[in-house]
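Below is one structure, written out as structure tokens; comments come after it.
Read the figures in this text as sums done on the coordinates, not as results from a lab. No experiment lies behind these values; they were computed from the predicted model shown. Glycine gets a Cβ as well: all are built from the backbone with ideal geometry, and neighbour counts include every protein chain shown.
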Amino acid sequence: MEGVEGVRPFEHYACAVGSLVIAVVLGALLYPLLVSLTWSLGILATTAIVATVVLVWGLGWIGLELLWEWRAGRWQRP
């Protein structure tokens, strides 16, 4: 296909780092809420908190990648 460029590695890295920053900031801001929600899990509470932050990171990464593709005009290829 002429004129269609692929996704550069920089785009993946930028989305990964950006979503990691978002996940860490949200985790820090919502830490008291996360602790109170997972307190009943006992020793598994920290695992649940880490799993939540990793889930937010992954969803944020996917969201930023989709947003980047949409803004770059590569959302729908013929």
Can you pull out every residue in the range 23-44 that is closer than 21 Å to L59 by Cβ and small (G, A, S)? A23, G27, A28
Just the residues that are in a helix (DSSP H, G or I) and surrounded by 15 or more Cβ atoms within 10 Å (Cβ to Cβ), please, taken from the range 20-33. L20, I22, A23, L26, G27
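Yes or no, residue by residue, for (1) part of a loop (DSSP other than H, G, I, E, B); (2) within 13 Å of the chain's Cα centre (by Cα); (3) β-branched (V, I, T); (4) surrounded by 12 or more Cβ atoms within 10 Å (Cβ to Cβ):
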residue	(1), (2), (3), (4)
V35	no, no, yes, yes
T47	no, no, yes, no
L64	no, yes, no, yes
L67	no, yes, no, yes
